[in-house]
Amino acid sequence: MTPDRGLNFLTDMLWAAALLAGPVMLATLLVGLTISIFQVATQIQEITLSYVPKIITAGLVLILLGPWMVAQLVSYTTDLYLVIPELGR
């Protein structure tokens, strides 16, 4: 295996990780920003007001996009396993 091929595998892995983690992180970022703006506007400084909606949002996104995420992960893993026999050449 050449270094270029190894870097290509690493790049594919990082893109797959970003693709899978992106929707959850983006949704929780938007909810956190909205809650922070609400807290600043109303001067309510309750700590659980920021954590609970983010956890609920992350759970909902995982439930809604879970099948797609698993399909992407299975596709990536299958492609990676199919390449293993060619690595010995």
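A short reminder: the numbers here are calculations on the coordinates, not readings from a lab. All of these numbers come straight from a predicted model, not from anything done at the bench. Here the Cβ is made from the backbone with ideal geometry for all residues, glycine too, and neighbour counts use every protein chain on show.
Within the listed set Val61, Val74, Val24, the residue fluctuating most in the Gaussian network model of the chain (springs between alpha-carbon atoms under 10 angstrom) is Val74.
Around the Cα centre of the chain, unit charges on the Cβ atoms of Lys, Arg, Asp and Glu (plus for the first two, minus for the last two) sum to a dipole of about 80 debye. Dividing the summed helix terms, -39500 (n - 2.57) for each DSSP H run of n ≥ 4, by the number of residues in the chain produces a 222 nm estimate of -33000 deg cm²/dmol to the nearest 500. Considering only alpha-carbon pairs that sit under 8 angstrom and 6 or more positions apart, the relative contact order computed for the chain is 41 percent.
As a length-normalised measure over Cα pairs under 8 Å and 6 or more apart, the relative contact order of the stretch 11-63 settles at 49 percent. For log10 I(q)/I(0) by the Debye sum over Cα atoms at q = 0.15 Å⁻¹, the candidate list reads (i) -0.70; (ii) -0.45; (iii) -0.62; the entry that matches the value derived from this model is (i).
Tally Lys and Arg at +1 and Asp and Glu at -1 over the other residues with C-beta under 13 Å from the C-beta of Leu73: what net charge comes out?
On the way: positive: none; negative: Asp12, Asp79.
For residues surrounding Leu73, the net value is -2.
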